[in-house]
Each structure stands twice: as C-alpha cells, then as structure tokens.
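The structure under discussion appears below in the form of structure tokens.
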Amino acid sequence: MTSIEYTYRDNGNIFEMISKNESGQLDGIQKGYYSNGQLYSEHYYENGLKEGIQKGYYSNGQLKYEEYYENGLKEGIQKRYHLNGQPESEHYYENGQLIWKKEY
C-alpha cells in the first residue's frame, strides 16, 4: 500500500508531495513546488529508485529539464532548456554512463 505525504511552507502553500511504499521507500510520484505554488519538479520512483521520465520546471512554468531513468540510472537522452524554452543541452546515457553531450 502506498502512502502520500505532504509538507507545507510557512505561507500555507504546498512544498512537496511524496508517495512511499510499505517499506518507507519512495514509490510513485514526488512533486515539489515553488513558494508561489508553481510546480518545481515531478519525479517518479519504484522501490526507492528513480524510474521513467523526470521533469523540472522554472518558476514561470517553463520546462527546465527532462530526464529518463531505468532502475535508478540515467538512460537515453536527457534534455535541458533555457528559461526562454530554447534547448540548452542534451546528454546521452547508457546504464548511467555518459556517452555523449551536446551544448547549444
């Protein structure tokens, strides 16, 4: 059974939402928020390990990064973006090892 925990900022806005499995490991979605309530990050876990797509956002809601994980290791193309939405960099990983990177 998965439990969901919330933490809040002094201003009452949500700071973080995390889900944990029966063993207390992160399992499912974890979301972080800026003080203005805007989504900061979305991370997914399975049994304490990052799994699948992970996303981060600037305080204006613009996508900051997209990363993909398999069994807690970076896998495939990881993308980062400038505040204006233009590509900043791409990094390619296999089994958590950086294979190549490209800066824009």
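Before moving on, here are some points about what is shown:
- Only lysine pairs 8 or more places apart or on separate chains count here, and in segment 3-103 those with Cα atoms under 14 Å apart total 12.
- With R₀ set to 35 Å, the beta-carbon distance separating Glu66 from Ile14 gives a calculated FRET efficiency near 0.95.
- Filtered GluC sites (Glu not before Pro), segment 5-42: DSSP coil and at most 11 other beta carbons within 10 Å: Glu22
- Rounded to the nearest 20 debye, the dipole magnitude of the chain is 340 debye, with +1 charges on Lys and Arg beta carbons, -1 on Asp and Glu beta carbons, and the Cα centre as origin.
- Rounded to whole Hz, the Karplus (6.51, -1.76, 1.60) HN-Hα couplings of segment 34-48, x for glycine and proline: 5, 5, 7, x, 6, 4, 9, 7, 10, 10, 10, 9, 9, 6, x
- Springs join every pair of Cα atoms under 10 Å in this Gaussian network model of the chain, and among Glu66, Glu94, Glu51 the largest mean-square fluctuation is at Glu94.
- For segment 3-103, the equivalent ellipsoid built from the Cα gyration tensor has semi-axes of 25, 21, 6 Å, listed from largest to smallest.
- Under-5 Å amide H pairs with Glu70, H placed in peptide plane, nonlocal only: Gly52, Glu75
Read-outs throughout are calculated quantities, based only on the coordinates presented, and are distinct from any laboratory measurement. Computed from a prediction, not measured in an experiment: that's the story for all the values here. Positions of Cβ are backbone-derived with ideal geometry, glycine not excepted, and every protein chain shown enters the neighbour counts.
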